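Comments concern the structure below.
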There are 2 protein chains.
Amino acid sequence: MTRDNSDYFNLLYTRERKKINSILKNAVKKRKPASLYGPGAYILNSNGKRLRPFLVLLSAKAAGGDFKSAYNAAAAVEMLHNFTLVHDDIMDNANKRRGRQTLHKKYDNNTAILVGDSLLSVAYEYLLKDCNGKSKSILNSFTKGLEEICEGQSLDTEFEKRKQVSLAEYMEMIRKKTASMLKMCCEIGATLGGGQPADVKAMANYGLNIGIAFQIQDDLLDITATEEKFGKQIGGDLIKGKKTYLFIKALDKSKGNDHKMLRKVIERKGIKRNQVKKFKKLYENLDLLNDAKGVINHYTKKALKSISTIRKESDREILVWLADSLIMRTK
Amino acid sequence: MTRDNSDYFNLLYTRERKKINSILKNAVKKRKPASLYGPGAYILNSNGKRLRPFLVLLSAKAAGGDFKSAYNAAAAVEMLHNFTLVHDDIMDNANKRRGRQTLHKKYDNNTAILVGDSLLSVAYEYLLKDCNGKSKSILNSFTKGLEEICEGQSLDTEFEKRKQVSLAEYMEMIRKKTASMLKMCCEIGATLGGGQPADVKAMANYGLNIGIAFQIQDDLLDITATEEKFGKQIGGDLIKGKKTYLFIKALDKSKGNDHKMLRKVIERKGIKRNQVKKFKKLYENLDLLNDAKGVINHYTKKALKSISTIRKESDREILVWLADSLIMRTK
């Protein structure tokens, strides 16, 4: 890929991100009651990457359609994503989201529960706008995605309480919690774009695999990012005692005192801030950062292989660029 | 209506209620993870009236179809209803629901938030099972119902904090919070039953109006029921300072000291348990209980008028029986 292409793709992404932001901004601002839609607008207007709606648009195009056929669905998946953020932030008792107060901190828990529910209803409303004749398959895909997100979130919570989590269980959890939504975005976009079953499947596999790569990259960034760029505490997963890819792999590979030290993280449900450096060192000694990069590359390659059947070269190129951007990201 | 008919309708209701319970029981019991679907089964297996699914079935029949066409949709609306109960109970910090511990008390708030979300996703899944060719209209109806429930719940919360609520505002709130779901059940049932637009509209109006009557009856029962039958504290709405039909009407009609006493309920956000009798007396003096009965009858009549176009006499009769049962109920 040439440097020019990359610049063009960046411009395109910026332009589409603005359009999506504008749809989201207008979606609820005039609705009443303000006690419900005011906080709804607060989260929809926050500064997200808009990766999921962009995937919907790119998939519609790759399947032979155009962006226009998929804007409402693109807004719908972002609303669904925001619904999960609002409810997850209550569950995690998180203070910050996208550089601002979380919704339940700015308002209160009850408002956040209800606003989340309401965002989901508006998401379905937007999804239904454009799917003439294809509503059953699109709605099934969206609903399946929603079910899996709930299942993934439940597994994630369950794993926090468990002493032992296998790598296979972890992979199943991130498939449901993160990757299934990206898969669904691609599936819906490709369907709206008029894709044949093979196109829809190709795009779905692309979404699923970049989703898995994306989540492991997230686990990796927790330890390798710089605090300024990452925007949150480095080693936060270790501090909370989360069983990430790195942690589970570390338990697998370590021996002796290192292994004992890791088992203590589980018993004590996390580590202290000043221990992060020591664990980073341990991860490096175990060559885990390279392991993680290898797995990320593996799933990215799988994603790229699955789109080899997409007809237009320019459509394939932007999907390659997006996959690369995600694994090269520093935040 | 003859006594025999009423017995037959009761039998029919009992039989269908069992069928619905069985669908609900099987809907999630084998799903994983158990940490999500176990609590989901707990609420779905609790002892509800199953009024909403029964409305779906009766509407399918009244529109010319049969019950069979609508069982999955019937289960879906009950799941939606249970989703609202689980989230509302967190917001109200309620201890009991249908004679058992509320879900968030038996488990915890985080579980209850997620289980509510998950029930909604399974509701959409069930709704999508049977609506071949009609999915857009059915999904729109369901989604609109969900939106209005959220809006109604938000208004209800807002009204608790406000000093002044007009009767018109109250009516708008209960239309959204309670009646819109019953309307939606009838609309979906009639659509699935293959009804013409006029049938769907007739049934929707029936649902909307019995919904309004149902909610005002609920307000009335709070003060007129006997504690054993009602299963909860008599005067609970007054104790919590809720602005019900009776309370708003009392504020309108009262003068002098009575009016001052009612205004104090707002300032103090409720009354003490031992004051309930005094307020019941006041309501009686203001002839409010008859006012309420009059309004309940008014909306019930509207409901019955709207179904005069339903062709089969037996279909109309059971709808009359159901409307009557709702306003004659003591719990």
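The values are calculated or read from the model by the stated rules, or taken from the named source; none is laboratory data. Just so we're clear, the structure is a prediction, and the values are computed from it rather than from any experiment. Neighbour counts run over all protein chains shown; Cβ positions are idealised from the backbone, glycine included.
List of remarks:
- The set of residues in segment B:12-42 that are farther than 23 Å from B:Ala73 by Cβ and free of Cβ contacts under 8 Å to residues at least 60 places away in the same chain comprises B:Lys32, B:Pro33, B:Ala34, B:Gly38.
- Flag for B:Ala94 being buried (at least 24 other Cβ atoms within 10 Å of the Cβ) and either over 25 Å from B:Ile310 (Cβ atoms) or in contact (Cβ under 8 Å) with a residue 24 or more places away in the chain (or both): no
- Evaluating B:Ser59 against the criteria (1) of a type in the set (Gly, Ala, Ser); (2) surrounded by fewer than 24 Cβ atoms within 10 Å (Cβ to Cβ); (3) touching a residue at least 60 places away in the same chain (Cβ under 8 Å); (4) part of a helix (DSSP H, G or I) leaves one unmet condition, (2).
- Taking the criterion of being part of a loop (DSSP other than H, G, I, E, B) and either free of Cβ contacts under 8 Å to residues at least 60 places away in the same chain or charged (D, E, K, R) (or both), the residues of segment B:111-134 that qualify are B:Asp130, B:Asn132, B:Gly133, B:Lys134.
- If the condition is being of a type outside the set (Lys, Arg) and at pLDDT 95 or above, then segment A:118-136 contributes A:Ser118, A:Leu119, A:Leu120, A:Ser121, A:Val122, A:Ala123, A:Tyr124, A:Glu125, A:Tyr126, A:Leu127, A:Leu128.
- Scanning segment B:268-296 for residues that are surrounded by fewer than 13 Cβ atoms within 10 Å (Cβ to Cβ) and under 15 Å from B:Ile216 (Cα atoms) gives B:Asn290, B:Gly294.
- Odd one out for B:Lys163, checked against (1) under 18 Å from the mean Cα position of the chain (by Cα); (2) within 18 Å of A:Ser35 (Cα to Cα); (3) surrounded by fewer than 19 Cβ atoms within 10 Å (Cβ to Cβ): (1)
- Qualifying position, being surrounded by fewer than 18 Cβ atoms within 10 Å (Cβ to Cβ), out of contact with any Lys or Arg (no Cβ under 7 Å at 6 or more places or on another chain), closer than 24 Å to A:Ser141 by Cα and more than 8 Å from every other protein chain (Cβ to nearest Cβ), among B:Gly133, B:Gly145: B:Gly133
Rundown of residues vs (1) within 24 Å of B:Pro197 (Cβ to Cβ); (2) among the aliphatic types (A, V, I, L, M); (3) modelled with pLDDT of 95 or more; (4) in a loop (DSSP other than H, G, I, E, B), yes/no style:
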position: B:Asp291; (1), (2), (3), (4): no, no, yes, no
position: B:Lys305; (1), (2), (3), (4): yes, no, yes, no
position: B:Ile310; (1), (2), (3), (4): yes, yes, yes, yes
position: B:Asp315; (1), (2), (3), (4): yes, no, yes, no
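- Only one of A:Gly236, A:Gly207 that is buried (at least 22 other Cβ atoms within 10 Å of the Cβ) and not hydrophobic (A, V, I, L, M, F, W, C): A:Gly207
- Output for segment B:150-177, where each listed residue is hydrophobic (A, V, I, L, M, F, W, C) and at the interface with another protein chain (Cβ under 8 Å from one of its Cβ atoms): B:Cys150, B:Leu155
- Lone unmet requirement of (1) at pLDDT 95 or above; (2) over 23 Å from B:Leu182 (Cβ atoms); (3) surrounded by fewer than 17 Cβ atoms within 10 Å (Cβ to Cβ) for B:Val115: (3)
- Residues located in segment B:222-243, provided they are under 20 Å from B:Arg97 (Cβ atoms) and of a type in the set (Val, Ile, Thr): B:Ile234, B:Ile239
- Test: residue in segment B:98-110 that is surrounded by fewer than 24 Cβ atoms within 10 Å (Cβ to Cβ), β-branched (Val, Ile, Thr) and farther than 29 Å from B:Glu317 by Cα: yes
- The set of residues in segment A:107-125 being facing another protein chain (nearest Cβ under 7 Å) and in contact with a Leu (Cβ under 6 Å, 6 or more places away or on another chain) consists of A:Ser118, A:Ser121.
Residue-wise test of (1) under 20 Å from the mean Cα position of the chain (by Cα); (2) not polar (S, T, N, Q).
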| residue | (1), (2) |
| --- | --- |
| B:Ile223 | yes, yes |
| B:Glu227 | no, yes |
| B:Gly235 | yes, yes |
| B:Ala250 | no, yes |
| B:Gly256 | no, yes |
| B:Leu262 | no, yes |
| B:Val265 | no, yes |
| B:Asn285 | no, no |
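- Residue match in segment A:82-95 (condition: over 26 Å from B:Asp92 (Cα atoms) and more than 11 Å from chain B (Cβ to nearest Cβ)): no
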